[in-house]
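The structure appears below as structure tokens.
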Amino acid sequence: MYVTTTIKLTPTIGKKINSVWRAATLEIADSPNITSVLTYQQFPPQHQDNPNGLGLDASADLHKHLLVLVVSIYWHERTDSERITKVAKGAVEKIEAVATEEDALYPYKYMNYAAFWQDPPKSCGAAAVSAMKEVSRKYDPNGLFRKQAVGFKLE
């Protein structure tokens, strides 16, 4: 399972996030063969003359002050799935609350690491979602990928 959020760097945010993550991992440590990882991933530098389709400001030097957080959890026992999902969701909600307190929460959710309950297209902003829908209508007029494909869909 993957879960994601994005934060702005502050002098104290890392220690707070690690504290939340440590508490969450202790709640699920009894699951056999579990592996849980919290990854801090930097944005790549954006080329200012090459806008992206995700609504990210190419002139904002995002790689200098934002981090994508990725929670990755793998476990063996199907009976643990509901509990582990609940703990992971709760941990990310607590991380986002800590980031909000520090004015460090950034709305972007990286689609490849988003959990099923997250809405990564929405996190790109209204203009980007509108552009994605326009491209989808143009290149997928019958809605194959909007209706039948697995994953996040544009309505």
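General observations
- Among residues of the range 61-87 that are in contact (Cβ under 8 Å) with a residue 60 or more places away in the chain, those with a beta-carbon under 6 Å from a residue that is charged (D, E, K, R) and part of a helix (DSSP H, G or I) at least six positions away or on a different chain give the pairs 87/27.
- Qualifying residue in the range 67-77 (condition: over 24 Å from residue 20 (Cβ atoms) and of a type in the set (Val, Ile, Thr)): no
- Scanning the range 123-145 for residues being among the basic types (Lys, Arg), closer than 23 Å to residue 110 by Cα and surrounded by fewer than 14 Cβ atoms within 10 Å (Cβ to Cβ) gives a total of 1.
- Screening the range 86-155 for helices (runs of 4 or more DSSP H) wholly inside it with 3 or more residues that are within 27 Å of residue 18 (Cα to Cα), modelled with pLDDT of 85 or more and among the polar types (S, T, N, Q) returns no ranges.
- Only residues that are in contact with a strand residue (DSSP E or B) (Cβ under 7 Å, 6 or more places away or on another chain) and free of Cβ contacts under 8 Å to residues at least 12 places away in the same chain were counted in the range 1-34, giving 1.
- Single condition residue 24 does not satisfy, out of (1) at pLDDT 95 or above; (2) more than 20 Å from residue 96 (Cα to Cα); (3) surrounded by 14 or more Cβ atoms within 10 Å (Cβ to Cβ): (2)
- Flag: residue 35 does not match the condition of being crowded, with 18+ Cβ neighbours inside 10 Å and modelled with pLDDT of 95 or more.
- Filter result (in a strand (DSSP E or B) and in contact with a helix residue (DSSP H, G or I) (Cβ under 8 Å, 6 or more places away or on another chain)) within the range 7-39: 7, 8, 36, 38
- Every residue from the range 41-67 that is closer than 29 Å to residue 102 by Cα and either surrounded by fewer than 12 Cβ atoms within 10 Å (Cβ to Cβ) or at pLDDT 95 or above (or both): 44, 45, 47, 48, 53, 59, 64
The values are calculated or read from the model by the stated rules, or taken from the named source; none is laboratory data. The shown structure was predicted, so the numbers you read here are calculated from the model rather than taken from an experiment. Here the Cβ is made from the backbone with ideal geometry for all residues, glycine too, and neighbour counts use every protein chain on show.
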